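Undergrad: Here's a structure for you.
The values are calculated or read from the model by the stated rules, or taken from the named source; none is laboratory data. Here the structure is a predicted model, which means the values were calculated and not measured. Backbone-built Cβ (ideal geometry, glycine too); neighbour counts: all protein chains shown.
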Amino acid sequence: MLNVKELEKYSRQTIFDKIGSQGQIKLKYKKVAIVGLGALGTTTSQLLARAGVGHIKMIDSDLVEESNLQRQTLFTEKDIGRSKSLAAKKKLELINSTIKIEAINEHLEKNNLSYLKGTDLVLDCTDNLDTRLLINDFCKKEKILWIYSACVKTSGYVMPIFPEGPCLRCFLKEAKLDSACTIGVINTIPISISALQVTLAIKILTEKKIKPELFYYNIWTPELKKLKINHSCDLCHKTQA
Ligand SMILES: [Zn+2]
């Protein structure tokens, strides 16, 4: 059920027929994990908190740096040198005090993947392939849905990944992006990629049917494409058999 405060807070979502109060109640009882609090993670976590997702767990061990402020929407100059996860938790609690926000000040690694257990959805907001592959293989094994997201320069990708695939290993060629540290990033593309990721997340958390398609978006040209990915890695072939 939604209380009086929640009915008012989420009124623009509950009058939207695709969500409604039933969808809002579903969001209230869902738990998501966000891996990485850079440009994607700060926007994604903020949108999910504002949308009323009941439990948000954020995982990142980095400290806020001056060069982050150009695109990492939760941080200000006062946060420089502070832990990203703890600074983000404080900001999100100011935005929405009625949801549970957990900050894990660690880097996601092989030995702490259990942080992802028990979540309804994992949101990949990392900036490196090694962590993404850890998420990919763990979520497949634990049968957890996750959403891949990545961006550099002026373009990026988003894809919902189901335990049965196709998975990240099936489109590794497309997923091998350079790092924003080496070739840069315009600050509007992570916002757009986050918007696509969170829209999919809201659809998944309110139990709508979605397709396993890879979205590509270039905000400079601009161009939006949907790419079909086949089950082509060994892991997915085994799941299908
Ligand atoms: Zn695969």
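Undergrad: Working only within the range 127-153, note down all residues that are assigned to a strand (DSSP E or B) and away from the ligand (no atom under 15 Å from the Cβ). First the steps, then the outcome.
TA: So in the range 127-153, the residues assigned to a strand (DSSP E or B) come out as 146-153.
Within the range 127-153, Ile147, Ser149, Ala150, Cys151, Val152, Lys153 qualify.
Undergrad: Only one of (1) exposed (fewer than 15 other Cβ atoms within 10 Å of the Cβ); (2) out of contact with any His (no Cβ under 8 Å at 6 or more places or on another chain); (3) of a type in the set (S, T, N, Q); (4) in contact (Cβ under 8 Å) with a residue 12 or more places away in the chain is not met by Ser67, so which one is it?
TA: Looking at each condition in turn, Ser67 falls short on (4).
Undergrad: Filtering the range 169-214 down to residues that are hydrophobic (A, V, I, L, M, F, W, C), within 16 Å of the ligand (Cβ to nearest atom) and surrounded by 17 or more Cβ atoms within 10 Å (Cβ to Cβ), which residue is modelled with the lowest pLDDT?
TA: My answer is Ala175.
Undergrad: Which residues, counting only those in the range 215-232, are within 16 Å of the ligand (Cβ to nearest atom) and touching a strand residue (DSSP E or B) at 6+ places or on another chain (Cβ under 8 Å)?
TA: If we filter the range 215-232 for residues that are within 16 Å of the ligand (Cβ to nearest atom), which is where we start, we get 227-232.
Leu227, Lys228, Ile229 - these are the residues of the range 215-232 that are within 16 Å of the ligand (Cβ to nearest atom) and touching a strand residue (DSSP E or B) at 6+ places or on another chain (Cβ under 8 Å).
Undergrad: Given the options Thr98, Thr76, name the one that is of a type in the set (Ser, Thr, Tyr) and without any contact (Cβ under 8 Å) to a residue 12 or more places away in the chain.
TA: Exactly one residue qualifies, and that residue is Thr76.
Undergrad: Would you mind stating whether Gln13 is more than 24 Å from Thr154 (Cα to Cα), surrounded by fewer than 21 Cβ atoms within 10 Å (Cβ to Cβ) and either of a type in the set (D, E, K, R) or touching a Gly at 6+ places or on another chain (Cβ under 8 Å) (or both)?
TA: yes
Undergrad: Can you tell me how many residues in the range 97-126 are crowded, with 21+ Cβ neighbours inside 10 Å and in a loop (DSSP other than H, G, I, E, B)?
TA: Number satisfying all stated conditions: 4.
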